[in-house]
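To start, the structure under review is shown below, and the notes come after it.
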Amino acid sequence: MPQCGVMGQAAGAASVLSIRQDVAVRNVDRKALQSELKKQGCILDDADISAANR
């Protein structure tokens, strides 16, 4: 169930970004959230999987 761990990580990152951006969590910039999650090593799409296997 690694996807559950990543979902929790995404929720935490979204919460932090909402504070930094001074917006509701639902209004967090999606690209900023994706960028932050990739920095943390999360796999978000198929390209990330192939990159992780190199």
Problem set entry | Residues located in the stretch 1-44, provided they are surrounded by 10 or more Cβ atoms within 10 Å (Cβ to Cβ), free of Cβ contacts under 8 Å to residues at least 24 places away in the same chain and assigned to a loop (DSSP other than H, G, I, E, B) | V23, V28, D29, G41, L44
For this session: Please specify each residue of the stretch 2-40 satisfying the condition of being within 21 Å of S50 (Cα to Cα) and either among the basic types (K, R) or in contact with a Gly (Cβ under 7 Å, 6 or more places away or on another chain) (or both).
Result: K31, K38, K39
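Bear in mind these aren't lab numbers, they're just calculated from the coordinates by the rules spelled out. All of these numbers come straight from a predicted model, not from anything done at the bench. Here Cβ is always computed from backbone atoms with ideal geometry, including for glycine, and neighbour counts include all displayed protein chains.
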